[in-house]
Amino acid sequence: MNEWIRENTPVLTLALVVAAIAVAVVCAVLLARRAERRQARMLGRLRRDAEQQSEAVARLNEGLGSALRQIEAMSGAMESRQDRMRRTLDERMELMNQSNERRLEQMQDLVSGKLDGRLNESFKVIGGQLENVHRGLGELRQLSLGVTDLKKMLGGVKTRGVWGEVQLRALLEQLFAPGQFLENVAIPALSQNRVEFALPLPTAAGEAPLLPIDSKFPQEDYLRLVEAAQAGDAQAAARCAAQLERAVLEQAKRIHDKYIQPPQTTDFALMFLPTESLYAEVARRDGLIERVQERYRVLISGPATLCALLTSLRLGLRTVTLEKRSGEVLSALSAMKQDFARLDESIQRMRQRLNQAEAELDTLEQRARKAMKVLERVES
């Protein structure tokens, strides 16, 4: 058996191969037929799907056609409405434009009228202000000319003295009556030394010694001191301050030697400095005012301090005058007392007469009443 198989192995192998091929062919044919049936089924399905899709497309086309027709109808209606709205809006816009133009014209007329009035008023105000400015500029020019004239005037010693004398006279005229101060008084009497002003100081004993008042204006020394202080030069400022002190002491010595002559004058005098700045600078000098008072019996004063001093002197003069006139006042009061006593007696006599007249009137009234009663009885 084995030998037969060994001998017939190629034949068997070939038969097996042929059988395998046949089986494979049969399987392939079966698979092909199955594939054909599947393809046929798929094609049928595809045909049905295509038919359904074509039907859906036809329905969609019909729907789109109807929608297009509706859209066309709606677009026509919208266009007609838009045309009507456009015409209506155009008409309304024209009406609004016309009314706005009329209102704008009215507003323009009103605004132009108001603006013209306000502009005219503003121009008038501005013109008035410009006139005021021009007047102010003219006044400033005049003031500047006056300042330059004042500087020129104060440049000379004599003119400075005149200016100080004028200012001192103005202060005295403000505080005293014309007869209460004297001007250009000779001290001593019948001499050539004349003090600018003198103030009589009456006492309780009846004497009236004169208080000499003289104005001094050492401007050059003061201006040099101010310039040195502004420049920051301490040494020059010290030298100028020393020079100012020497000038003040020299003027105080002149006043003492020339114008303090008791009993015609008081034992002290007044030195008037016309500016407060000059007086403040003199007052700043340590002990200068005290030295002048102790050494030369001269009181230094500026415009403000002189006003205060003269006011106190005026009050003192009033007190002295009241003391002198107190006797006259007492005698006048005693005379008034006697007059009042006589007046009281006259009033008492008048009162008695009035009482008598009142009693007589009462009597007459009683008699009149009795007569009226008699008349009434006669009438009844």
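When you look at GLU3, is it modelled with pLDDT of 80 or more and either within 60 Å of the chain's Cα centre (by Cα) or acidic (Asp, Glu) (or both), yes or no?
Numbers: modelled with pLDDT of 80 or more: no; either within 60 Å of the chain's Cα centre (by Cα) or acidic (Asp, Glu) (or both): yes.
Here the answer is no, as GLU3 does not meet what is asked.
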Filtering segment 163-177 for residues that are surrounded by 15 or more Cβ atoms within 10 Å (Cβ to Cβ) and outside any helix (DSSP H, G or I) leaves a count of 1
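In the list ARG194, ARG135, which residue meets the criterion of being farther than 28 Å from LEU278 by Cβ, modelled with pLDDT of 65 or more and either among the basic types (Lys, Arg) or surrounded by 11 or more Cβ atoms within 10 Å (Cβ to Cβ) (or both)?
On the way: ARG194 fails: farther than 28 Å from LEU278 by Cβ.
Only one candidate qualifies: ARG135.
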Test each condition in (1) part of a loop (DSSP other than H, G, I, E, B); (2) in contact (Cβ under 8 Å) with a residue 40 or more places away in the chain for ALA208 and report the one that comes out false. (2)
Do we have ARG284 as without any contact (Cβ under 8 Å) to a residue 24 or more places away in the chain, within 24 Å of VAL166 (Cα to Cα), surrounded by fewer than 17 Cβ atoms within 10 Å (Cβ to Cβ) and not small (Gly, Ala, Ser) here? no
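Yes or no, residue by residue, for (1) over 42 Å from the mean Cα position of the chain (by Cα); (2) outside any loop (DSSP other than H, G, I, E, B):
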position	(1), (2)
GLY179	yes, yes
LEU190	yes, no
ASP221	no, yes
GLN235	yes, yes
Of the conditions (1) modelled with pLDDT under 85; (2) within 24 Å of ARG297 (Cα to Cα), ASP214 clears all except one; give me its number. (1)
Reported set for segment 223-254 where residues are surrounded by 13 or more Cβ atoms within 10 Å (Cβ to Cβ) and of a type in the set (S, T, N, Q) is GLN243, GLN251
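Residues that are at pLDDT below 80 and under 30 Å from PRO178 (Cβ atoms): list the helices (runs of 4 or more DSSP H) wholly contained in segment 272-380 that include at least 2 such residues.
303-324, 326-379
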May I ask you to list pairs of residues, at least six apart or on different chains, whose Cβ atoms are under 6 Å apart, with the first in segment 217-233 being under 28 Å from LEU270 (Cβ atoms) and the second being polar (S, T, N, Q)? ASP221/GLN243
Hey, ASP257 hits all of (1) at pLDDT 85 or above; (2) more than 21 Å from ILE187 (Cα to Cα); (3) exposed (fewer than 12 other Cβ atoms within 10 Å of the Cβ) but one; which does it fall short on? (2)
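The values are calculated or read from the model by the stated rules, or taken from the named source; none is laboratory data. What you see is a predicted model; the values in this text were computed from it and never measured. Cβ coordinates were reconstructed from backbone atoms using ideal geometry, including for glycine residues, and neighbour counts include every protein chain displayed.
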